[in-house]
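Read the figures in this text as sums done on the coordinates, not as results from a lab. Just so we're clear, the structure is a prediction, and the values are computed from it rather than from any experiment. FYI the Cβ positions are ideal-geometry reconstructions off the backbone, even for glycines, and counts take in every protein chain you see.
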Amino acid sequence: MGKKWVACFDILGFSKLTKSSLVSAFCQVERCVLEARQKSPFHQKLGHAWFSDTFLFYAEDDSEGSFDAIEFVSTNFFEMLLLLNIPLRGAMACDEFYADETNRIFIGKALVDAFHFGEKCNWVGFVLCPSAVCQIEKLNIPATRSTYSRFKLWDVPTKQNLCVFHLHRTFRTRALLCGARFGNGSQFMRELKAMSERTASPKDKVKYANSIQFLNHFSIPK
């Protein structure tokens, strides 16, 4: 038990996929599990867990070193799966969290916070919750060390036409769709457009369009 960094992801459109093809759903989860297992061993400070289409990364504490580790692993996890045509939506929080790996018990404010904010977002992307923003500011992590601090204000679109800005003001400033951080999101743009063309769901097309708009705004041509 203690204050820790926690990142939570879920797969876009997974419920519909399980209804149409359980085999395809299993293959997506298996690919995500493999990526999670490959990422975590590189950082001994991190643990990981999953249930259905929800995937967690969690640190041992709320330190700057743990933030560096979980940010690196989370963004790389997101990127690799996007390139494998598995769209994710996620968020990172920093608050009280309890992890019992032996009994597979994971509870705490950080998990609720990360799941809540990630679930609200109507796009393919990754955001920092207010609790994470507060801890970054408390630790005074330089902008050059934090991907999110480099971006200007951005209203991440939410479900039911709600604006995350109304949930917490600082949330606007900390949105990330991997690829934008390199100054060139062309590869991720192609993947998002291809996935949008393949889906028949108008709601999912809106999610992809929101992510593409974000990349268009922040990507800088070489």
Whole-number percent relative contact order across the range 1-150, with pairs defined as alpha carbons under 8 Å at least 6 apart: 30
Protection proxy ranking, peptides 51-58, 86-93, 109-116, average beta carbon neighbours within 10 Å, highest first: 86-93, 109-116, 51-58
Stokes-Einstein D in µm²/s, Kirkwood radius over Cα pairs - the range 1-138 at 25 °C with 0.890 mPa s viscosity: 165
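State the extension gain, in nm to one decimal, for the chain segment bounded by LYS19 and MET1, taking 0.36 nm per residue of separation less the distance between their alpha-carbons.
Stretched fully, the LYS19-MET1 segment lengthens by 2.8 nm.
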